[in-house]
Amino acid sequence: MAFFRSHVLVCVDPECLARGAHDVIDALQDELVDQGLIDEIQVLETSRIGGCEDGPEMIVYPEGVHYVGFNADDVPFIVEEHFLKGRIVEKFREMPKVVVDEELGPLRPKEVRIVLKNCGYIDPTNIEDYLAVDGYQALGKALFEMTPEQVIEEVKNSGLRGRGGAGFPAGRKWDLTRQVNDFPKYMVCNADEGDPGAFMNRRVLEGDPHSVLEGMIIGAYAVGASYGYVYCRAEYPIAVETFNIAIAQAREFGFLGENILGTDFSFDLEVRVGAGAFVCGEETALIASIMGLRGEPSPRPPFPSVKGVWGKPTNNNNVETYSNVPQIILKGAPWYASMGTERSKGTKTFAVGGNVKKPGLIEVPMGITLREIIFDVAGGMHEGRHFKAVQTGGPMGGCLTEQHLDLPLDYEALTQAGSMMGSGGLVIMDETSCMVDIARFFMDFTQAESCGKCTPCRVGTRRLLELLQKICEGFGEDGDIEKLEELCEEITKNSLCGLGQGAPNPVVSTLKHFRHEYEAHIYEKRCPSKVCRPLIRFEITDPACTGCTVCARNCPVEAISGERRQLHHIDQETCIRCGICVQVCNFNAITVE
Amino acid sequence: MTRLLKNIASNDPLNITEQKAIIEKAIADNKDRQGAVMLVLNEVQGKIGHVSPAMQAYIARKLNVPLGQVHGVVTFYSFFKTQPRGKYTIKFCLGTACYVAGVPQLVEKAKQMLNIDLDQTTPDGMITLEECRCVGACSQAPVVVVDEEIHGRLRPNKFPQVLKALQAKDGAAKEAAGAD
């Protein structure tokens, strides 16, 4: 094979052709012959590079220099400068646009990407991109080299557990659905990622939809399902659109529909969109919603694997669970099982939010410690503040404190510590967060999202919220903490589904670790973190105040008065303690007491 | 059900030819699919912006399901609205990260500027203020969603700019419509 020191890729998409790309190629060939470089430099045609608005365009490797906006007459000059003299022709050079991805940047220290490996690297709307990174190879392997039982065995051996939160072994779930002798069977993908602060599944659906699709098709082959539903929340319109494109392309390529890849296995699926109900992430509620009903959970058993969508056996897994499957099949169970802890294998995606330097999406091996996540992966605490607590598992999870920082993250360890894995939201808080207020916030959420079917959850969460509000407003009294504890226990014991059973968790765990904050609110009428509005007051301090009037202009209730260049004053009667003045003040002149 | 269908308000989508056509199409497209109620309602809510009581009755009748089922679904999910919304909707994300980053202050600012409460529409029918569940853009907290567009890292003193941009957009749209 001939060796070329340089390759010139010229874009020949219709736009560039219209602007004379063919003339450019001819001119390049002629000029390279004339200069005697034709054996050293190869000219190739390629598709769109990314600057076609100013075409023609070409890219020179190995330097990776991108030229746009020239024509055939400029070619001799470019050849002379670049290939003979080795000077880049700045005039035509297009600088690569730096796209800052705030959610998912380059690989961070200690990260291992399996689920997120393609996100941001392939075009999610082009199936060929996915095929180029071994896409649908696993499906081929499963269909032609493995029996459904072997597929299930492989997933079982990999140790993959449900990534939706509960952590039920995926292989066992598939096996249960396979065992039931009732047809047709359905595959359901739970893409109703409703935990506030969690967006891992959205990113996978938007960035690598085919990996989820392939996982579902392999799963359908394993359990014997013939149709499937992806239930996606309505808050994710782009995910729905991207996934629908993926489905259409997979059908076109024969990965979906009748006789997949020429075998006698047939499977198809569609996206069903929710309408804004958090409880639909619970599997029985989700199934009700797919059937066009109110998304109310129903008692289990019967489990969906026996009686699910339309009363038929249904296998339900989360987005992340499915997207792990193709690589497990391709690389084998031992590879996957080599990562993680004794009982929790592989990796887990987390959405890191809150007061850290580098929030965003991460994927780390199971068993990593919270300390490593916060200080190595997420860059440490924001503005030199101190770590106080981390909320894991969303509104049904709990908070963990400094003493848990070295806990290896896996399903059992988190449950033991009084929290849970959940779908993977991590909200990290510093000393400016009031734990009573956080508990109140989560209770406000679960109370509003309680579907209302069972009393402990419907009424219990309401009562909990009222108590917490009372405490935050400074009306807490002796005995309230005990009342909270009693209510929490009753709600956990008696609720029908995971939402109700988990709803008291934030209260229970904050009471356990931050009881003194509750006590400060109740007995001293004081909010130690200076968050609860009725318990704080704002003051403007001399000499920091320069009298710039910014605070007065931004105050929503006109509680701030003062002449320009004079010390300003806050009228405590009028002040609603919204804190806007603190945010807008450029001189840190406003203190919170 | 009959009562609701007998006295339909003149401004109800059922009495507006183009909107009626949207409803009819949504029903025709999904009638034979399983779980049609949600599919039709999602389509109608998405394109018209609300599902009035008369529309619920009409959909129930056409799909041959009890009105109670349709009404039950409409009232269960927060995306379905029974009243018309403003031309533009400003939603405040209530996710944990946004809450911690100061969405409550933004809400205060918006309420004060527009002189309406949450879930209300300005008297000129232009802007509706709403809260919404986490939109999953937590790294940009605090987040405000104007129609489908996400505005991140928004401080209360920057909020007037969002309103201004919206007014400019509306003016441009009106001008374009006038030019046609």
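The values are calculated or read from the model by the stated rules, or taken from the named source; none is laboratory data. Source: prediction; values computed, not measured. Quick reminder, even Gly has a Cβ in these numbers, built from the backbone with ideal geometry, and neighbours come from all protein chains shown.
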task = Go through the range B:99-116 and count every residue that is at the interface with another protein chain (Cβ under 8 Å from one of its Cβ atoms) and in contact with a Phe, Trp or Tyr (Cβ under 6 Å, 6 or more places away or on another chain).
result = 2
query = List, please: which pairs have Cβ atoms under 7 Å, are six or more places apart or on different chains, and start with a residue in the range B:30-41 that is under 13 Å from B:Tyr77 (Cα atoms) and free of Cβ contacts under 8 Å to residues at least 60 places away in the same chain and end with one that is assigned to a helix (DSSP H, G or I) and among the hydroxyl-bearing types (Ser, Thr, Tyr)?
reply = B:Met38/A:Ser289
ask   = Residues B:Thr82, B:Thr89, B:Thr96: which one is at the interface with chain A (Cβ under 7 Å from one of its Cβ atoms) and over 16 Å from A:Ala277 (Cα atoms)?
value = B:Thr96
query = In the range B:121-154, how many are touching a Ser or Thr at 6+ places or on another chain (Cβ under 9 Å) and acidic (Asp, Glu)?
reply = 2
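Any residue at all in the range A:461-477 that is small (Gly, Ala, Ser) and touching a Gly at 6+ places or on another chain (Cβ under 8 Å)? Reasoning before the result, please.
First, pick out the residues of the range A:461-477 that are small (Gly, Ala, Ser): A:474, A:476.
Of the ones still in play, those that are also touching a Gly at 6+ places or on another chain (Cβ under 8 Å) are none.
No - not one qualifying residue is present in the range A:461-477.
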task = Could you grab me the full set of residues in the range A:458-494 that are outside any helix (DSSP H, G or I) and in contact with a Pro (Cβ under 6 Å, 6 or more places away or on another chain)?
result = A:Glu473, A:Gly474
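B:Gly152 - would you say it is in contact (Cβ under 8 Å) with a residue 12 or more places away in the chain and farther than 19 Å from B:Ala97 by Cβ? Talk me through it step by step, then tell me what you get.
Values: in contact (Cβ under 8 Å) with a residue 12 or more places away in the chain: yes; farther than 19 Å from B:Ala97 by Cβ: no.
The answer is no for B:Gly152.
If a residue must be among the hydrophobic types (A, V, I, L, M, F, W, C) and either modelled with pLDDT under 90 or touching a His at 6+ places or on another chain (Cβ under 9 Å) (or both), how many such residues does the range A:353-380 contain? Break it down stepwise before answering.
Residues of the range A:353-380 among the hydrophobic types (A, V, I, L, M, F, W, C): A:356, A:361-362, A:364, A:366, A:368, A:370, A:373-375, A:377-378.
If we keep only those that are either modelled with pLDDT under 90 or touching a His at 6+ places or on another chain (Cβ under 9 Å) (or both) too, we end up with A:356, A:370.
Final tally of qualifying residues: 2.
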request  = Give the residues of the range A:403-420 that are in contact with a Leu (Cβ under 8 Å, 6 or more places away or on another chain), in a loop (DSSP other than H, G, I, E, B) and farther than 22 Å from A:His386 by Cβ, sorted by residue number.
outcome  = A:Met420
inquiry  = Considering only the range A:158-177, I want to know if a residue exists there that is at pLDDT 95 or above and at positive phi.
reply    = yes
query = Looking only at residues in the range A:177-197 that are facing chain B (nearest Cβ under 8 Å) and within 16 Å of A:Ile238 (Cα to Cα), which one is nearest to the chain's Cα centre (by Cα)?
reply = A:Glu193
remark   = Scanning the range A:405-446 for residues that are free of Cβ contacts under 8 Å to residues at least 40 places away in the same chain, buried (at least 19 other Cβ atoms within 10 Å of the Cβ) and in contact with a Lys or Arg (Cβ under 9 Å, 6 or more places away or on another chain) gives none
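For every residue, the table says whether it meets (1) in contact with a strand residue (DSSP E or B) (Cβ under 6 Å, 6 or more places away or on another chain); (2) at pLDDT below 90; (3) in a helix (DSSP H, G or I).
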position: A:Ile25; (1), (2), (3): yes, no, yes
position: A:Leu28; (1), (2), (3): yes, no, yes
position: A:Phe70; (1), (2), (3): no, yes, no
position: A:Asp73; (1), (2), (3): no, no, yes
position: A:Ile78; (1), (2), (3): no, no, yes
position: A:Lys91; (1), (2), (3): no, yes, yes
position: A:Val99; (1), (2), (3): no, yes, no
position: A:Lys117; (1), (2), (3): no, no, no
position: A:Gly135; (1), (2), (3): no, no, no
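If I filter the range A:287-309 down to residues being farther than 26 Å from B:Pro66 by Cβ and not charged (D, E, K, R), which single residue comes out as surrounded by the most Cβ atoms within 10 Å (Cβ to Cβ)? Steps first, answer last, please.
Taking the range A:287-309 and keeping what is farther than 26 Å from B:Pro66 by Cβ, we get A:300-301, A:303, A:305-306.
Okay, now just the ones that are also not charged (D, E, K, R), so A:301, A:303, A:305-306.
Working: A:Pro301: 8, A:Phe303: 17, A:Ser305: 23, A:Val306: 17.
Step by step, filter the range A:287-309, then rank; the result is A:Ser305.
Does the range B:46-55 contain any residue that is facing another protein chain (nearest Cβ under 10 Å) and either within 22 Å of the chain's Cα centre (by Cα) or among the acidic types (Asp, Glu) (or both)?
The initial filter retains those residues of the range B:46-55 that are facing another protein chain (nearest Cβ under 10 Å), namely B:46.
Remaining after also requiring either within 22 Å of the chain's Cα centre (by Cα) or among the acidic types (Asp, Glu) (or both): B:46.
Taking every residue of the range B:46-55 in turn, at least one turns out to be facing another protein chain (nearest Cβ under 10 Å) and either within 22 Å of the chain's Cα centre (by Cα) or among the acidic types (Asp, Glu) (or both).
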remark   = When (1) free of Cβ contacts under 8 Å to residues at least 40 places away in the same chain; (2) closer than 24 Å to A:Val271 by Cα; (3) within 13 Å of another protein chain (Cβ to nearest Cβ) are applied to B:Ile23, the one that fails is (3)
Residue in the range A:226-248 that is at pLDDT 95 or above, assigned to a loop (DSSP other than H, G, I, E, B), under 21 Å from A:Val180 (Cβ atoms) and out of contact with any His (no Cβ under 8 Å at 6 or more places or on another chain) present = yes
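Are any of the residues in the range A:227-245 farther than 30 Å from B:His50 by Cβ, touching a Ser or Thr at 6+ places or on another chain (Cβ under 8 Å) and buried (at least 22 other Cβ atoms within 10 Å of the Cβ)?
Taking the range A:227-245 first, the residues farther than 30 Å from B:His50 by Cβ are A:227-228.
Applying the additional criterion that residues be touching a Ser or Thr at 6+ places or on another chain (Cβ under 8 Å) yields none.
Scanning the range A:227-245, I find no residue that is farther than 30 Å from B:His50 by Cβ, touching a Ser or Thr at 6+ places or on another chain (Cβ under 8 Å) and buried (at least 22 other Cβ atoms within 10 Å of the Cβ), so the answer is no.
Among the residues of the range A:259-297, write down those that are assigned to a loop (DSSP other than H, G, I, E, B), within 14 Å of chain B (Cβ to nearest Cβ) and in contact (Cβ under 8 Å) with a residue 24 or more places away in the chain.
First, the residues of the range A:259-297 that are assigned to a loop (DSSP other than H, G, I, E, B): A:259, A:263-266, A:274-277, A:282, A:291-297.
Next cut, within 14 Å of chain B (Cβ to nearest Cβ) only: A:274-277, A:282, A:291-297.
A:Gly274, A:Ala275, A:Gly276, A:Ala277, A:Glu282, A:Arg294, A:Gly295, A:Glu296, A:Pro297, listed by residue number.
Hey, among B:Val162, B:Val135, B:Val103, which residue is under 25 Å from A:Ala275 (Cβ atoms) and at pLDDT 85 or above?
On the way: B:Val162 fails: under 25 Å from A:Ala275 (Cβ atoms); B:Val135 fails: at pLDDT 85 or above.
Of B:Val162, B:Val135, B:Val103, the one residue that is under 25 Å from A:Ala275 (Cβ atoms) and at pLDDT 85 or above is B:Val103.
Could you list, in sequence order, all residues of the range B:117-128 that are away from chain A (no Cβ under 14 Å) and either surrounded by fewer than 18 Cβ atoms within 10 Å (Cβ to Cβ) or touching a residue at least 40 places away in the same chain (Cβ under 8 Å) (or both)? So that I can check it myself, show each step before the final result.
Let us first name the residues in the range B:117-128 that are away from chain A (no Cβ under 14 Å), namely B:120-128.
The answer is B:Gln120, B:Thr122, B:Pro123, B:Asp124, B:Gly125, B:Met126, B:Ile127, B:Thr128.
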ask   = Does B:Gln140 count as of a type in the set (S, T, N, Q), on the phi < 0 side of the Ramachandran plot and facing another protein chain (nearest Cβ under 8 Å)?
value = yes
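Between A:Val319, A:Val356, which is more than 19 Å from A:Asn201 (Cβ to Cβ), within 13 Å of chain B (Cβ to nearest Cβ), touching a helix residue (DSSP H, G or I) at 6+ places or on another chain (Cβ under 7 Å) and touching a residue at least 60 places away in the same chain (Cβ under 8 Å)? Step through it out loud before you land on a result.
Working: A:Val319 fails: more than 19 Å from A:Asn201 (Cβ to Cβ).
So the residue among A:Val319, A:Val356 that is more than 19 Å from A:Asn201 (Cβ to Cβ), within 13 Å of chain B (Cβ to nearest Cβ), touching a helix residue (DSSP H, G or I) at 6+ places or on another chain (Cβ under 7 Å) and touching a residue at least 60 places away in the same chain (Cβ under 8 Å) is A:Val356.
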ask   = Of all residues in the range A:311-363, which are in contact with a Leu (Cβ under 8 Å, 6 or more places away or on another chain), more than 25 Å from A:Met187 (Cβ to Cβ) and buried (at least 24 other Cβ atoms within 10 Å of the Cβ)?
value = A:Phe350, A:Ala351, A:Val352, A:Gly353, A:Gly354, A:Leu361
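Of the residues that make up the range B:63-74, is at least one crowded, with 22+ Cβ neighbours inside 10 Å and away from chain A (no Cβ under 14 Å)? Walk me through it before giving the result.
Kept after step one, since they are crowded, with 22+ Cβ neighbours inside 10 Å, are these residues of the range B:63-74: B:70, B:73-74.
Remaining after also requiring away from chain A (no Cβ under 14 Å): none.
Within the range B:63-74, not a single residue is crowded, with 22+ Cβ neighbours inside 10 Å and away from chain A (no Cβ under 14 Å).
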request  = Quick one: which helices (runs of 4 or more DSSP H) lie wholly within the range A:495-593 and hold at least 1 residues that are surrounded by 15 or more Cβ atoms within 10 Å (Cβ to Cβ) and within 13 Å of chain B (Cβ to nearest Cβ)?
outcome  = A:505-513, A:550-554, A:580-584
